[in-house]
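A quick write-up on the structure given underneath.
The values are calculated or read from the model by the stated rules, or taken from the named source; none is laboratory data. Here the structure is a predicted model, which is why all the values come from computation and not from measurement. Backbone-built Cβ (ideal geometry, glycine too); neighbour counts: all protein chains shown. What goes into the accessible areas is simple: the full protein's heavy atoms, side chains included, and nothing from ligands, DNA or RNA. Shrake-Rupley method; radii C 1.70, N 1.55, O 1.52, S 1.80 Å.
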Amino acid sequence: MGIDRHGFKHIVAAFVLLLGFSAPGAAETDRLDSLFTDLKTADTEQTARIEAQIRDAWSRSGSPAMDLLLRRGSEALEAGEVKVAAEHLTALIDHAPEFAEGYQARATAYFAQDLYGPALDDLRRALVLNPRHFGAMAGFARILQELDRPLEALEVYRKIEQISPNSPDLAQAIERLEVQLEGSTL
């Protein structure tokens, strides 16, 4: 009952990768809190800039190796190689299971393959790890719309509205769902 050399190398590599992963420091947490405060009163142009700064902070895991896996997954998504993206992002999640951005990105890859169940599971996990993740919320709402669950989608959009009231396209999404729901109650 021993571990062969090959298996041992994988265990050591995973351990080293995990040691390199770190949670955001107090300064980064304070910076994010300040950005979220600014979002509440930002106009549309400011909102886009602030949301980009937040997404940038969320994309840094604290480990160059994990950041590389996220970047490779994101690049594969942009190239339309969704299965390759899912593989990179699964490797990221395997090595950094507390990194919310990995789940959010893999959910995007799953959604692109019409795998709504796995996408929803990943979005749920991302939101457990990062309850303010407006991108994961938006993905969740979009899937709910695809599943013809407009009331639940509207509830999720309303949660985004509490975090980032002037988020691009948010007002239109809410209005569209309200009109749809009003039409269904007539």
**Item:** Filter pass, GLY183 being modelled with pLDDT under 95 and open to solvent by less than 60 Å² (accessible area, probe 1.4 Å)
**Value:** yes
Cβ pairs under 6 Å, 6+ apart or interchain, first in segment 48-72 and among the small types (Gly, Ala, Ser), second open to solvent by less than 10 Å² (accessible area, probe 1.4 Å) and outside any helix (DSSP H, G or I), ordered by first then second residue, are SER61/ALA96
Report task. Please verify whether segment 7-28 includes one or more residues that are modelled with pLDDT of 95 or more and either among the hydroxyl-bearing types (Ser, Thr, Tyr) or out of contact with any helix residue (DSSP H, G or I) (no Cβ under 9 Å at 6 or more places or on another chain) (or both). Result -> no
Picked from segment 98-114 (must be outside any helix (DSSP H, G or I) and open to solvent by 50 Å² or more (accessible area, probe 1.4 Å)), the residue nearest to ASP33 (Cα to Cα) is GLU98
Note on segment 83-92: residues touching a residue at least 24 places away in the same chain (Cβ under 8 Å) and either buried (at least 20 other Cβ atoms within 10 Å of the Cβ) or under 22 Å from ILE54 (Cα atoms) (or both) are ALA85, ALA86, LEU92
Is it fair to say ALA42 is part of a loop (DSSP other than H, G, I, E, B), modelled with pLDDT of 95 or more and within 30 Å of ASN166 (Cβ to Cβ)? yes
GLY117 vs (1) in contact with a Phe, Trp or Tyr (Cβ under 9 Å, 6 or more places away or on another chain); (2) over 26 Å from LYS40 (Cβ atoms); (3) touching a residue at least 12 places away in the same chain (Cβ under 8 Å): all pass except (3)
Against the definition (of a type in the set (D, E, K, R), under 24 Å from ALA48 (Cβ atoms) and surrounded by 15 or more Cβ atoms within 10 Å (Cβ to Cβ)), how does ARG125 come out, yes or no? no
Restricted to segment 36-64 and to residues being crowded, with 17+ Cβ neighbours inside 10 Å and aliphatic (A, V, I, L, M), the residue nearest to LEU129 (Cα to Cα) is ILE54
The residue from ALA119, ALA126 that alone is in contact with a His (Cβ under 9 Å, 6 or more places away or on another chain) and at pLDDT 95 or above is ALA126
Flagged in segment 68-84 as part of a helix (DSSP H, G or I) and over 14 Å from the mean Cα position of the chain (by Cα), in numbering order, are LEU68, LEU69, ARG72, GLU75, ALA76, GLU78, VAL82, LYS83, VAL84
Note: among GLY139, GLY117, just one is loosely packed, with under 14 Cβ neighbours inside 10 Å and in a helix (DSSP H, G or I), namely GLY117
